[in-house]
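Here the structure is laid out as structure tokens; the discussion comes afterwards.
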Ligand code: PMP
């Protein structure tokens, strides 16, 4: 059976071995005569999966005991609200750097809860770059600084993170686990699983324990980080199958050599595509400025709308899936997360060269 050349932005390609492993145990997981989907979330067998996933993530990202790992539903989008609900307290200010639509959405939700500040924005530059933030302008009442580490739609990515005196919060939905990370630099990291971690349905939140004290117990129970922390993310029924697949993806990441090895592979894949763009004498026009380029989402346009449409149509005929840019910006986007094989990226690069030479 041939697998699709899947360049979807999320949900995205998963490692084939993970899918095969899940398939193998679909009817009988560890001698239970049941699928993981059918197990009680209070059973020992499920508990091992749940705690195993936490432990693997802790090891892969070297997360210290000062942090809690939480599994929450509602996607990264619910975190846009939970963060200010839990952390934006006592007339404090939520500070945001705007680098694209997802950070705009995060800001929009925070505005409903409390005061906010836009510390920097690259909106006027069509989000082609990660703006430099003047940290002296951070409000004295700032409760946290929120950034989006990788901008899935525009194809930009933070390289180094700002050093701030307030907790740094990052939406890492589209680049978590793609490279080594100094977790200690952050107060909170969150990521919807459906790009680098697994299927949709579970969102990973890594929160510094001392921030949990800010959560007010008058918050709705399911909106309170403390609830997830107190109950090992088992206050209610968690998305057990999604967490099982997360566990398998983390096992796979470990077997690939961990985040250091994944970074080397991701850099190689991204270079294959950026080299075609840079060598095309402007035929392919990368959206992101070179120093802000993402290694996860490569965004580009062709000289005219007609050529872009024709490129996408021919790419589809060839078998490439998911190369259309996000519906809000158009153009083309190749999402090349951890599980994307180098071979598929090379096939796309060859296709791009051929399309140019025949035009
Ligand atoms: N943040 C980023 C960076 C994203 O790419 C996305 C979309 N995949 C979201 C947030 C929203 O995630 P979700 O659909 O899980 O709410």
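The values are calculated or read from the model by the stated rules, or taken from the named source; none is laboratory data. Everything quoted here is computed from the prediction, not taken from an experiment. Don't worry about glycine lacking a Cβ; one is built from the backbone with ideal geometry, like all the others, and counts go over all protein chains shown.
Any residue at all in region 67-76 that is farther than 24 Å from residue 171 by Cβ and in contact (Cβ under 8 Å) with a residue 60 or more places away in the chain? The answer is no, given that none of the residues of region 67-76 is farther than 24 Å from residue 171 by Cβ and in contact (Cβ under 8 Å) with a residue 60 or more places away in the chain.
Does residue 89 meet the test of being surrounded by 18 or more Cβ atoms within 10 Å (Cβ to Cβ) and not assigned by TED's automatic domain parsing to the domain that holds residue 329? Write out each step before concluding.
Details: surrounded by 18 or more Cβ atoms within 10 Å (Cβ to Cβ): no; not assigned by TED's automatic domain parsing to the domain that holds residue 329: yes.
No; evaluated as a whole, the condition is false for this residue.
For every residue, the table says whether it meets (1) more than 18 Å from residue 357 (Cα to Cα); (2) in a strand (DSSP E or B).
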{"site": "276", "(1), (2)": "no, no"}
{"site": "288", "(1), (2)": "yes, no"}
{"site": "291", "(1), (2)": "yes, no"}
{"site": "295", "(1), (2)": "yes, no"}
{"site": "299", "(1), (2)": "yes, yes"}
{"site": "315", "(1), (2)": "no, no"}
{"site": "326", "(1), (2)": "yes, no"}
{"site": "333", "(1), (2)": "yes, yes"}
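Of the residues making up region 180-214, those that are assigned to a helix (DSSP H, G or I) and touching a residue at least 24 places away in the same chain (Cβ under 8 Å) are 183, 184, 185, 209, 210, 211, 212, 214. Summed over region 46-87, the residues that are away from the ligand (no atom under 13 Å from the Cβ) and in a helix (DSSP H, G or I) give a count of 19.
Provide a single number: the residues in region 1-45 that are within 16 Å of the ligand (Cβ to nearest atom) and either at positive phi or in a helix (DSSP H, G or I) (or both).
At the first step, the residues of region 1-45 found to be within 16 Å of the ligand (Cβ to nearest atom) are 6-14.
Subsequent filtering for residues that are either at positive phi or in a helix (DSSP H, G or I) (or both) retains 10.
Count: 1.
Based on this model, can you work out whether residue 229 counts as touching a residue at least 60 places away in the same chain (Cβ under 8 Å) and either within 16 Å of the ligand (Cβ to nearest atom) or outside any helix (DSSP H, G or I) (or both)?
Details: touching a residue at least 60 places away in the same chain (Cβ under 8 Å): yes; either within 16 Å of the ligand (Cβ to nearest atom) or outside any helix (DSSP H, G or I) (or both): no.
Criteria not met by residue 229.
Annotation: of all residues in region 192-205 being crowded, with 24+ Cβ neighbours inside 10 Å and over 7 Å from residue 71 (Cα atoms), the one that is nearest to the ligand (Cβ to nearest atom) is 192.
I want to confirm something. Restricting to region 324-349 and keeping residues that are within 18 Å of the chain's Cα centre (by Cα), modelled with pLDDT of 95 or more and within 19 Å of residue 307 (Cβ to Cβ), which single residue is surrounded by the most Cβ atoms within 10 Å (Cβ to Cβ)? Taking the candidates together, the pick is 334.
Listed here are the residues, each with its yes/no results for (1) within 12 Å of the ligand (Cβ to nearest atom); (2) farther than 30 Å from residue 340 by Cα; (3) modelled with pLDDT under 95; (4) in the same structural domain as residue 274 (by TED's automatic domain parsing).
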site: 124; (1), (2), (3), (4): no, yes, no, no
site: 144; (1), (2), (3), (4): no, yes, no, no
site: 152; (1), (2), (3), (4): yes, no, no, no
site: 162; (1), (2), (3), (4): no, no, no, no
site: 173; (1), (2), (3), (4): yes, no, no, no
site: 179; (1), (2), (3), (4): no, no, no, no
site: 182; (1), (2), (3), (4): no, no, no, no
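Residues of region 109-118 include at least one that is under 25 Å from residue 208 (Cβ atoms), touching a residue at least 12 places away in the same chain (Cβ under 8 Å) and within 16 Å of the ligand (Cβ to nearest atom).
Please determine whether any residue of region 306-319 is within 22 Å of residue 172 (Cβ to Cβ), modelled with pLDDT of 95 or more and surrounded by 18 or more Cβ atoms within 10 Å (Cβ to Cβ). Taking every residue of region 306-319 in turn, none turns out to be within 22 Å of residue 172 (Cβ to Cβ), modelled with pLDDT of 95 or more and surrounded by 18 or more Cβ atoms within 10 Å (Cβ to Cβ).
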